[in-house]
1. Among (1) free of Cβ contacts under 8 Å to residues at least 24 places away in the same chain; (2) surrounded by 19 or more Cβ atoms within 10 Å (Cβ to Cβ), which single condition is Thr68 missing?
2. Tell me the residue from Ala57, Ala78 that is aliphatic (A, V, I, L, M) and either modelled with pLDDT under 85 or under 14 Å from Arg158 (Cβ atoms) (or both), please.
3. Taking region 102-151 as the region of interest, how many residues are aliphatic (A, V, I, L, M) and outside any helix (DSSP H, G or I)?
4. Can you tell me which residue in region 74-101 is surrounded by the fewest Cβ atoms within 10 Å (Cβ to Cβ), limited to those that are in a helix (DSSP H, G or I) and free of Cβ contacts under 8 Å to residues at least 12 places away in the same chain?
5. Considering only region 155-170, state which residues are assigned to a helix (DSSP H, G or I) and within 19 Å of Arg85 (Cα to Cα).
6. Report, by residue number, each residue of region 152-183 that is touching a residue at least 60 places away in the same chain (Cβ under 8 Å) and of a type outside the set (Gly, Ala, Ser).
Amino acid sequence: MPPAKSERFELRVEADLMNRIDQWRSAQADLPSRAEAIRRLTTIGLSTQTTRQSFMAMKFQIIVAALTNGPGVRLDDAYVFAWDRDVYPYFHEGTPWHKPFRNDFAVTNDLMHELLVYLDRKWRDGTVPLTFYELESTFGVGGRGSGWDRLALIGACRYAYLSGAFDQNFWHQLVAPAEHPTEASEITDPFERERGIHLM
């Protein structure tokens, strides 16, 4: 098979962008040239866009199925909620549709793991009730690089609640009066598909 045809072109970039490219390539094991680094970054960027489009298409299909009579009624409420709120469905490893998108959810698999390990430890200890404000503080909500914001943390907790994780007392302590923002009250609300999920 003949090698793929390539074309030469000149690219001018600002110094700040070139510095970022140099930082990226210096972190690679083989220290690629600037030209090779730009080729790799371009490929990564294009494939990420394709993955995002596939993720959004899958999300649309699951939500449509959940809102129509038919096979969608067999989808678990927590699973549907997770897709709607961009939370990785951590407790649904037997369901295949989310697995190719582990890092495409706003709340990734890694973030869910981190949160659930912490919640499990607090639940098993059980000596001091955990409040939502304490949870926000622990996970640095609003801080740079934490990966969490308030709505993401609420969504992740609600997914865990709908999945039957921990117990009712644990969740009601989390949203005890004056210990959570108003919007966190939804964590323990009953779930109704027609009102609880949105078609994009």
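1. Unmet condition: (2).
2. Unique residue meeting the criteria: Ala78.
3. Number of matching residues: 5.
4. The selected residue is Arg74.
5. Within region 155-170, Gly155, Ala156, Cys157, Arg158, Tyr159, Ala160, Tyr161, Leu162 meet the criteria.
6. Arg158, Tyr159, Leu162
The values are calculated or read from the model by the stated rules, or taken from the named source; none is laboratory data. Fair warning: this is a prediction, and the values are worked out from it, not measured in the lab. For neighbour counting, all protein chains shown are included, and Cβ atoms are generated from backbone atoms with ideal geometry for every residue, glycine included.
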